[in-house]
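Each remark here refers to the structure printed beneath this line.
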Amino acid sequence: MREKIRAMVESNLNIFNSGVQFSDDDNIFRKGFVDSLFAVQLIAYLEAEFGIKVANKDLDINNFHSVNKMVSFVERKRQEGTGGASR
Amino acid sequence: MKIELDDRQRRVVDEAGDFARTVLAPRARENEESGVFPRNVISQMGERGYLGATLPQAHGGLGLDPVAYGLLVAEIEKGDCSASRLLTVHLALVAEAIHKCGSESQIRKWLPRIARGETICAFGLTEPEHGSDAAGIQTAYTAHGSDFRINGRKRWITFSGIADLLLVMARNGEAVSAFLIERETPGVSVEPQKGLMAGRACHICEVILNDVIVGKENILGQAGQGFTYVANTALDHGRYSIAWGGVGLAEAALNAMVSYARTRKQFGQSIGSFQLVREMIAEAVVGVYAAKSLCWRAGEMRKAAAADAIIETTIAKHFSAGTAFRIACDAVQVHGGNGFTSEYPVERYMREAKVLEIIEGTSQIQQMMISMHGLRRFGRTHAHR
């Protein structure tokens, strides 16, 4: 899961200097690696790829601002049984 | 170019085409001149389900998929751009944002009324000093006990002149939140904007928010996440709607261009027989096909909830808006002097098409997004050849 999420983020980075690296803990929004529209794109990706449902109360950038946060979120949703709550 | 739909959705789209031809188109000019989009037409759109076309049937909508919705918008646009713009702001921008970001109680409260047209919605993001730089809005909210106090001014707010519910973005420091504000809330007022090139029947106003007090229950989505999730979700849906509006307007202009070229005679023959007129017709046909293809592709990706649906929608919107304007300009050209008069619809098409290159993100903002996509996705494996 981590590799898939990281690959998805990497393919959407707004940086073109090949020397720039980002870690799984980096806040990709604050560092300007992605734009805010990516937040909406990410929701669609996580739902489709991992079969979870992102509820209204989950729509907080703090759940998604780093690869590690995304992984934790998906794991939590899976433990909850796809997140249940509808949007 | 026929796009297959299931029987129910095909029927809805076909009936919308009839509605556009028989109800909308005959009044479009009159509406523009009076500056009023009639309530009884809005009621008819509500009764037919168009105002909730994409919403689930459980919430009173028609449950159209994205492709069917796009075709519906294109049909409505051919009849009256104002009606299409109503679908964009009321349904695509506001209702979809409530559907995607709203709480259960907000969804239950608003969506059925929106679908029936009992509640008309408008979207308040743009301000006098913040258009493309939407993240810089200055309309402010502060805590007021357990409620919020909102002050500011929004501009170019389509259908705000008759809206019952406003979705407004406001900031508190770095945080931007989205608020659902009922028009009758004390402190909310509107001032119609005059002298507009197009959208004259769209009740475009400035919205003034003067010490407007709303509760926590009026926040759409999470506090502080208004721009990231609510505005971006709304604008993505809005761009998709405008993209198909461009298809409809381009088709309308092409129809007018060809109809005129068939009947108008110069030098003893129909002007459609002249090669330079035919060039404009050929380019218009290609443009319509290409715009429709891009919109269709974006629609299929949205149907599949593909992550790239957002950028595909942006590409479709950018191309469709530009194509509609170019075809509408050529339609005026084919009409010659007659293209300048309100006896023919093409001058109106040209003005309305220009707006498509500005609303829901200017073409230049779309180009910024598309170029970023290009820089990310292309040229990685073929460098230095």
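The values are calculated or read from the model by the stated rules, or taken from the named source; none is laboratory data. This one's a predicted model, so the numbers in the text were calculated from it and none came from an experiment. No Cβ is skipped: glycine too gets one built from the backbone with ideal geometry, and neighbour counts run over all protein chains shown. With ligands, DNA and RNA removed, areas are computed over all heavy atoms of the protein, side chains included. Shrake-Rupley method; radii C 1.70, N 1.55, O 1.52, S 1.80 Å.
Worth pointing out:
- Whole-number D in µm²/s for chain B (Stokes-Einstein; Kirkwood sum over Cα pairs; 20 °C, 1.002 mPa s): 100
- Estimated at the nearest 10 Å², the accessible area of B:R278 is 140 Å² with a 1.4 Å probe.
- Taking all Cα pairs closer than 8 Å and separated by 6 or more residues, the relative contact order of chain B comes to 15 percent.
- GNM result for chain B, Cα springs below 10 Å: residue of B:E182, B:E30, B:E174 fluctuating most strongly: B:E174
- Solvent exposure of the protein assembly as shown amounts to 42 Å² per residue of accessible area, where only protein heavy atoms count and the probe is 1.4 Å.
- Of B:G161, B:V332, B:L125, farthest towards positive along the dipole that unit charges on Lys, Arg, Asp, Glu beta carbons give the protein assembly as shown: B:V332
- GNM on chain B, alpha-carbon springs under 10 angstrom: the most fluctuating residue among B:A328, B:A198, B:A122 is B:A198.
- Only Cα pairs under 8 Å and 6+ residues apart enter the sum, and on that basis the relative contact order of the stretch B:228-377 stands at 31 percent.
- Summing Lys and Arg as +1 and Asp and Glu as -1 over all other residues whose Cβ lies under 14 Å from the Cβ of B:R171 gives a net charge of -1.
- Pairwise centroid distance, computed over Cα atoms, of the stretch B:197-231 with the stretch B:122-140, Å: 9
- Integer Hz, Karplus 6.51/-1.76/1.60 couplings in order for the stretch B:54-67, x for Gly and Pro: 9, 6, x, 4, 4, 9, x, x, 8, x, 5, 7, x, 5
- Taking the protein heavy atoms of the stretch B:228-377 in the context of the full set of protein chains, the accessible area attributed to carbon and sulfur is 59 percent at 1.4 Å.
- Summed over both chains, the accessible area lost when B and A associate is about 2100 Å², using a 1.4 Å probe.
- Out-of-range pairs (alpha-carbon distance over 29 Å; input A:K31/B:K354; A:K31/A:K77; A:K53/B:K2; A:K53/B:K109; A:K69/B:K216): A:K31/B:K354; A:K53/B:K2
- Other residues with beta-carbon under 9 Å from the beta-carbon of B:G272 carry, at +1 per Lys or Arg and -1 per Asp or Glu, a net charge of +3.
- Dipole of the protein assembly as shown, positive direction: furthest Cα of B:I219, A:S72, A:L46, with charges on the beta-carbon: A:L46
- Counting Lys and Arg as +1 and Asp and Glu as -1 over every other residue whose Cβ lies under 11 Å from the Cβ of B:R10, the net charge comes to -2.
- Positions from the stretch A:1-41 whose accessible area shrinks by 20 Å² or more when the full protein complex is built, not the chain alone, probe 1.4 Å: A:S11, A:N12, A:N14, A:F16, A:S36, A:L37, A:A39, A:V40, A:Q41
- Legend: residues B:H144, B:H59, sorted from most to least accessible area (1.4 Å probe; ligands, DNA and RNA excluded), read B:H144, B:H59.
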